[in-house]
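Novice: The following block contains the structure, expressed as structure tokens.
The values are calculated or read from the model by the stated rules, or taken from the named source; none is laboratory data. Model, not experiment: these values are computed from the prediction. Glycine also receives a Cβ, built like all others from the backbone with ideal geometry; neighbour counts cover every protein chain displayed. Keep in mind that these areas ignore ligands, DNA and RNA; they rest on the heavy atoms of the full protein, side chains included. Shrake-Rupley method; radii C 1.70, N 1.55, O 1.52, S 1.80 Å.
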Amino acid sequence: MKGLVLLSDEVALLKFAATQGALRRTGETLGHEIACDYFCESGLADLEGDQVRLTAFGQRLARRLISTSAAGTVSIPPALLDALGPQVIFTRSPCV
């Protein structure tokens, strides 16, 4: 698996999703929707209607970000992603 880079707004949104349980895909900004789509494409979340819910993998990553007080742009190396796994293999588009 490749590493993952999350921009500061994506880090904040992922941490928020972990504490709130879900996000609405349609946010106040285009960046919010793009981040939600990115979470789905990266296997961090699933789309259920207009709700974006973190996968187990997304929850583990978000908890890691919270526990380390991560802020700003974060680069997550492949070894950490593998340790947080298991990853999913998509057979369908998770966000459509």
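Novice: What value, in deg cm²/dmol to 500, does the helix sum -39500 (n - 2.57) over DSSP H runs of n ≥ 4 give at 222 nm once divided by the residues of the chain?
Specialist: On the way: 4 runs with 44 residues, N = 96.
Calculated from helices alone, the mean residue ellipticity at 222 nm is -14000 deg cm²/dmol.
Novice: Of all the accessible heavy-atom surface of the chain, with the other protein chains kept in place and a 1.4 Å probe, what percent is carbon and sulfur? Walk me through the intermediate numbers first.
Specialist: Numbers: 3090 of 5490 Å².
That fraction is 56 percent.
Novice: Explain nothing, just the number: dipole magnitude of the range 13-82 about its Cα centre with +1 on each Lys and Arg Cβ and -1 on each Asp and Glu Cβ, in debye rounded to the nearest 20. Display every interim value, and only then the final one.
Specialist: Numbers: 7 positive and 8 negative charges, 74 e Å.
Charge dipole, the range 13-82, about its Cα centre: 360 debye, nearest 20.
Novice: Running a GNM on the chain with Cα contacts under 10 Å, which residue among A71, A83, A56 ends up with the highest mean-square fluctuation?
Specialist: Looking only at A71, A83, A56, the biggest GNM fluctuation is shown by A83.
Novice: Continuing with this model, one more query. Roughly how many Å² is the accessible area per residue of the range 1-67, as a whole number, for a 1.4 Å probe?
Specialist: Details: 3500 Å² over 67 residues.
In whole numbers, the range 1-67 has 52 Å² accessible per residue.
Novice: Which value in Å does the Kirkwood hydrodynamic radius of the chain take, with 1/r averaged over all unlike C-alpha pairs and then inverted? Before the final figure, lay out each step's value.
Specialist: Working: mean 1/r = 0.0755 Å⁻¹.
This gives a value of 13.2 Å.
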